[in-house]
Every structure is written in structure tokens, then in C-alpha cells.
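K.L.:
One structure, as C-alpha cells, below. Some questions next.
The values are calculated or read from the model by the stated rules, or taken from the named source; none is laboratory data. These figures come from a predicted structure and were not determined experimentally. Heads up, the Cβs are rebuilt from the backbone with ideal geometry, glycines too, and the neighbour counts pull from every protein chain shown.
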Amino acid sequence: MKYGVFSDVHSNLEALETALKHFKEEKVDAYLCLGDIVGYGPNPNECIDLIKSLPHLSCVAGNHDRAAIDKKQLGWFNEFAQAALLWTKRELQEDNKAYLNSLPEMVENSHFTLVHGSPRDPIDEYLLGGMQVKENLDHFTFTPCFVGHSHLPIYFTLNSDKTVTLKAFNNGEKVKVTAQVLVINVGSVGQPRDGDPRVSCGVYDTSNKILRLARLDYPFDKTQEKMRKAKLPRYLGERLSFGR
Ligand code: ZN
């Protein structure tokens, strides 16, 4: 089975279409979405429509998805995110609100675990360090655990001395997903934050246990133009040029 793995689309339609084109070329059979479909960007309804039409999709809820349907208070977000969420709430169609409302916090099966944040705090915890991953080990059964939320393409491996190491994922890098690979973040489709503005996503082939990370150019100037027209905070558009 080949999975297209992606996260943190954040209403960026041009970036999402680029990731989905890559998955199609890779002939994936199924899709794993790690949440935050909406927030920040200018096309929440179009992104939800595309994602919910994907065959064999497993998708979990992110903190922005929750806030957009009033299941999380806006006070948790910075001023730019709050402004974009207020805009998103006004834009969202009822059927798409219902879709966001239907998303679970966690999906587990014998091949993987899916959460937006972390297994012990699926919506909000940022997994950024080895100790944190160790503290989460009692909260899930099946590895790898795919996460999103930090917008950073990284993964965590278990060492023979039981410590956990964080590793950065580079473009085109292939990782053999052994039992020692505990947690994987394939980065963000719609708002990368590792200094590389390109779309970040992964293809996971369970037949050989290889996950390959891809960074893909996309026309972010189009997204930025839409954000200007929608009067979304300037900073949120500008950061797409820098991947910060
Ligand atoms: Zn996010």
C-alpha cells in the first residue's frame, strides 16, 4: 500500500493541488492527513472539498480545524492566527463545518498512529524533542506515529540505550521505517516553517517500508494575491515567500 502523507494545508489551495499532483504521479492508493486543513490561507472551502473527495482517506483534526468550528477558544492563538480564524469562520460553508466536526483526534491501526499534535495531547502538543517523544510512548501502540502541527519535516528514532534522537528530513530523503522509527512529521503543505518555502509532503510505501520526503515548488504568489484580496493579515502572506 502506498500512502500520500500530508499535513497543515492551512487553506492553501495552490500548495494542496501541488501535493496531490505529486501523489497522483507516485500512484498512491490512500491518503493520510494530519490536520489543520484550514486557518491562515484564503481557500478553506476549496481545500476541504478536495480533501474530502480523496479515496481511502484517514484524516485527524488539528487545532485550527477545531477553532474554526468553535471547539477551541481563539485566545489560544496569536493575533494573526486569530484574525485568519475569524475570517475562516465567516467563509466556511455548513457542510464543510460539519466535515471538520466529524474529524477524530486520533486514528490507530496496525500500520500506524495518526495525530495532529502528540499521542498524549492530540490537538495541542508540539513534538519537538526526544524526551517529549519518550514521555508519549505510553500513549500509543502502533508505530510509526505520524504527526503535524510544528510544520517541520523531522522524525524521531529510538536508540539502543533507549534515548530518542530527532533527525531532520531533507528533500528526496528516503527513510526506512523500522520499528525504531517512532514519530514522523512530513512537514507542512501550505505554510512550511523550516526556511524552505516549497510544499513538504511524503509518500509511504508499506511494501518496502520506505518513506520518501518531497519538497515541491508551487506558485505561492497566487496564494499571496488571494490573501491580499481577502484582507488576511499581511504577515501571513509574506511568510510564504520565506518558509518561515
Ligand atoms: Zn498548523
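K.L.:
Output the residues belonging to region 189-244 that are part of a strand (DSSP E or B) and of a type in the set (Val, Ile, Thr).
P.N.:
Hits for region 189-244 are Val199, Val203, Ile210.
K.L.:
Any chance you could count how many residues in region 18-32 are crowded, with 18+ Cβ neighbours inside 10 Å and without any contact (Cβ under 8 Å) to a residue 60 or more places away in the chain?
P.N.:
Qualifying residue count, region 18-32: 2.
K.L.:
I've got another one for you. Which members of region 126-175 meet the condition of being in a strand (DSSP E or B) and among the basic types (Lys, Arg)?
P.N.:
Lys167, Lys174
K.L.:
Can you pull out the residues in region 33-59 that are of a type in the set (Gly, Ala, Ser), over 15 Å from Ala84 (Cα atoms) and buried (at least 24 other Cβ atoms within 10 Å of the Cβ)?
P.N.:
Hit for region 33-59 is Gly35, nothing else.
K.L.:
Can you find a residue that is surrounded by fewer than 17 Cβ atoms within 10 Å (Cβ to Cβ) and touching a strand residue (DSSP E or B) at 6+ places or on another chain (Cβ under 9 Å) anywhere in region 213-226?
P.N.:
Yes, some residue in region 213-226 is surrounded by fewer than 17 Cβ atoms within 10 Å (Cβ to Cβ) and touching a strand residue (DSSP E or B) at 6+ places or on another chain (Cβ under 9 Å).
K.L.:
Which numbered condition in (1) in a strand (DSSP E or B); (2) within 16 Å of the ligand (Cβ to nearest atom) is the only one that Ile123 fails?
P.N.:
Condition not satisfied by Ile123: (1).
K.L.:
While we're here: Among (1) more than 28 Å from Pro233 (Cα to Cα); (2) in contact (Cβ under 8 Å) with a residue 24 or more places away in the chain, where does Ile69 come up short?
P.N.:
With respect to (1) more than 28 Å from Pro233 (Cα to Cα); (2) in contact (Cβ under 8 Å) with a residue 24 or more places away in the chain, Ile69 is out only on (1).
K.L.:
Can I ask one more? Taking Thr113, is it touching a Cys at 6+ places or on another chain (Cβ under 6 Å), under 27 Å from Arg198 (Cα atoms) and either of a type in the set (Asp, Glu) or at pLDDT 95 or above (or both)?
P.N.:
The answer is yes for Thr113.
K.L.:
Another question, if that's okay. Please pick out the residue among Gly129, Gly202, Gly187, Gly195 that is loosely packed, with under 15 Cβ neighbours inside 10 Å and touching a Leu at 6+ places or on another chain (Cβ under 7 Å).
P.N.:
Checking each option against the conditions leaves just Gly129.
K.L.:
How about region 1-106: which helices (runs of 4 or more DSSP H) wholly inside it have at least 3 residues that are more than 16 Å from the ligand (Cβ to nearest atom), within 22 Å of Asn185 (Cα to Cα) and under 16 Å from the mean Cα position of the chain (by Cα)?
P.N.:
13-25
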